[in-house]
Each structure stands twice: as structure tokens, then as C-alpha cells.
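> My questions all concern the structure below.
The values are calculated or read from the model by the stated rules, or taken from the named source; none is laboratory data. Predicted model, so just to flag it, every value in this text is computed and none were measured. Note: ideal-geometry Cβ built from the backbone for every residue, glycine included; neighbour counts use all protein chains shown.
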Amino acid sequence: MTDSSRGAVAITGLGLVTAAGLDARAGWERVCSGRPTAAPDPQLAGLPVDFSCRVPGFDAGALLGPASAWRLDRFTQLAIVAARQAVADAGLDPRSWDGARVGVIVGNSLGGTATWEEQHRRFLKDGARSVSPLTVPMGMSNMVAGHLAIDVKAYGPSMVTSTACASGSNAIGLARDLLRSGTCDVVLAGGAESALTPATVTGLTRMGGLSGRREDPASASRPFDAARDGFVAAEGAGILVLERPEDARARGVRVYADVVGFGWSSDAHHATAPDPTGAGMERALRAALADAGVGARDVDHVNAHGTSTPLNDVTEGRVLRRVLGERPLVTSTKGVTGHTLAAAGAVEAAFTALALHHRLVPPTANLTELDPEIDLDIPTGTAAKADLEVAVSTSLGFGGHNAALVLAAA
């Protein structure tokens, strides 16, 4: 069904740090269990929305060393840990690879919000001399790619994609182009976000984006459910190691799945609301299918953006039905992980690759009554075994950014 001559790239390594687990294996097991991770967040105590999906037990000092950890904002810490996991999982060693042929593309949207907020508090309380000289390099969005390149000795192209919640998917799509063009032999691609800070969460609350289920946070993220009322803010990082399939075969390593198609578009409609017609998302999805050389009937599975917001889910649901029909098994892993913002596309691409690898579709957590306006086949309760060959991962972001990836079983 797929045409490798169109430029497929192999996913040979996965690194995940999310509220669902501190590595890819733990995260996959948690999303397949359908057990949500949203919980009261002490760092948000006293706010109108005081819960989140925060990564539990993440000790940056122990994982990165105290001297390194204190120089990095949390979103960069998460990314480096995930990248180290992915590189090791791919059977690669930065000490022996040709770093000039290794690239880094990482999605991030909000930068080091914890750093900015903390340093602003210091400035207001104690004046200019209390502000850390590391404030700017810790807070800048691009530094996640810079620090990651430093950590793994990647001397090829490095950059950050910042297209809101489509950032991680766009990073993977652009990474594929670096491999197809011959610019790189290995690319670390993905996304990272850690913006669970009082000002950011309050801003998301004030704009009406977040669920208000304070009495039962675990049930708050409920993609496609008739009673959904907003998303649950989360943090996390997902990094994938991408190589050309022939290089992976020559190394004799496991391939989780191949990235065979990528499409992106803009709604040009509204700053935060999706185009209710879904025209922009449909363009991205159809472009990804055409790029992959597959038909709509070839798609077995979709890991949907599925944010649990009233507007996104019904718009996306209509597009998926209109383009792909009734056949694919659709899930949103955000029911478990919450919405990791700029990291979402990468985290969900990793889960899509694992779904193909294990022939298993995770359930959508908290889906008890499907919205009557959404006509999709969505497993609930338990993971669904299926003969999966082709899968799609979709991402939509503030600013009208749309992205779709097509993955095929290796």
C-alpha cells in the first residue's frame, strides 16, 4: 500500500517522558490501560483550575546531574532525558557517530515559562540584581534544540518549530525532509513543553480552554465525550530517532514504523478556534495521504488530536469521518496524558508507532457517551487488537496550524 520510493523514513528509537510514565514502555502501558493521569497539582493550588497532568517523580538532578539540571528550564530537562532514551533505544552512540550528519528538530511553543515567572517574581521583590544571568538562555524556546544538540554532539542542522500544538508533528515532518534530501543521516525529532505555571494555566483558564472538573480531575480529559468541557494542561517530551530505512537495515536494528507521509496547512480563520468547516485540517490530512501514496481506505488507525474541547473534537470528528470513512479505529491518548501542547504531536506520533508495532489501539479514556455529532469507531475501556498496517496522527494548533503524519508498519 505504501511506496518506499516516495521517501519513507524509519523510526528506530523512542523516548517519552510524560505524566503516563518516565519512558516509552511505561507510557505505552499506561495509555493502553486507559487510566487517566490528571490529578490535583500543588503548584497550582488556589487557582480556579488547580489540577494538571504533571510528570511524576521526575528528578532532573539525578537524571542529568545537579550541575547541568540547574542551568536548564524544565522543558529542556524533559527533552534531553527523552532524547537520551531515544538514542539508546536506537542502538546509537553519540561518542562514535558522525555528528556533522546528525540533526535536531524539536517543537516548543511557550518556552521556559517557569524561568520567566520565577525571575519576574525576583525582580519585583528584590530588584534587578536578584535576576539570574541565565534567565534568557534558560527561557528561550530555541535553547531546547541547542542544548539537545550539545548533549548528543549533533553538529548538523538544529532548530525549533513553534506552531503551537502542531509543533511536534511539524518537527517530524521537517526532519523527514532532512533525511530525504541527504542533508542528514540521523535526525532527532519531536517536541517538549512544560508550562504548568500559575500565569500560563490561569491564561488558559481565562480563555475558556481548560476543563473545570476540580471535583474529579481524573475524569476531566474526556475526548469526544458528550460531556467534555475543555482540555487538561500537561507537560512532557517525545523524541524520535529517524533514519533512512536502508541505513536502519544495514545496522540491523528494530524499526517501530516508517513515516511515509506528511501534510500541513493553515486555517487562516481565528487565533484560537478551529475553522468549523474543518477545511484546513482536511487539506493537511489529504496532503499527507497523497504524500504517502495511500488511499483513505488504507488507513487502519488514527491517533487523533482529540483535545476534549467542544469545538476541536466535533470539527475533527467530522473531518476524519468525511475523509477516512468508518473504517479506522480512532483514539485520543490525551484522555490519559492530558494535552502536552507543543509536545503533543511527537508524543502521539510515538504512540502511533507503538500501536503499529504492537498491533494494538489504546482506548480513549473517560469516553462514556460519544457526542452524537461524532460518528467514529473509538475503542473504550480496553485496548483493541487489530491488524494495523497504516495509521495517521493528527495535530491542530492555536493560530490555525494543522499537521498530519502517515505512518506504516515496518
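> For the stretch 47-56, state whether one or more residues are under 21 Å from the mean Cα position of the chain (by Cα), under 18 Å from PRO217 (Cβ atoms) and loosely packed, with under 15 Cβ neighbours inside 10 Å. Outline the logic, then answer.
Narrowing the stretch 47-56 to residues under 21 Å from the mean Cα position of the chain (by Cα): 51-56.
Then drop every residue that is not under 18 Å from PRO217 (Cβ atoms), which leaves 51-56.
Next cut, loosely packed, with under 15 Cβ neighbours inside 10 Å only: 56.
Within the stretch 47-56, one or more residues are under 21 Å from the mean Cα position of the chain (by Cα), under 18 Å from PRO217 (Cβ atoms) and loosely packed, with under 15 Cβ neighbours inside 10 Å.
> Let me ask something else about it. List the helices (runs of 4 or more DSSP H) that sit entirely inside the stretch 221-324 and contain at least 1 residues that are within 30 Å of SER96 (Cα to Cα) and free of Cβ contacts under 8 Å to residues at least 12 places away in the same chain. Break it down into steps so the answer makes sense when it comes.
Working: elements: 245-251, 279-292, 310-324.
Counting at least 1 such residues, we get 245-251.
> Quick check, is LEU240 closer than 29 Å to THR113 by Cβ and outside the structural domain of LEU360 (by TED's automatic domain parsing)?
Spelling it out, LEU240 is indeed closer than 29 Å to THR113 by Cβ and outside the structural domain of LEU360 (by TED's automatic domain parsing).
> Here's another thing I want to ask about it. Hey, does the stretch 393-404 have a residue that's in contact (Cβ under 8 Å) with a residue 24 or more places away in the chain and farther than 30 Å from GLY112 by Cβ?
Here is the first cut: in the stretch 393-404, the ones in contact (Cβ under 8 Å) with a residue 24 or more places away in the chain are 393-404.
Now drop any that are not farther than 30 Å from GLY112 by Cβ, which leaves none.
Scanning the stretch 393-404 turns up no residue that is in contact (Cβ under 8 Å) with a residue 24 or more places away in the chain and farther than 30 Å from GLY112 by Cβ.
> Could you please find all residues in the stretch 234-257 being crowded, with 24+ Cβ neighbours inside 10 Å and either closer than 19 Å to GLY27 by Cα or charged (D, E, K, R) (or both)?
Passing the criteria: ALA234, GLU235, GLY236, ALA237, GLY238, ILE239, LEU240, VAL241, GLU243, TYR256, ALA257.
> If we keep just the residues of the stretch 118-130 that are over 27 Å from the mean Cα position of the chain (by Cα) and surrounded by 15 or more Cβ atoms within 10 Å (Cβ to Cβ), which is farthest from SER194 (Cα to Cα)?
Applying the filter and picking the extreme gives ARG122.
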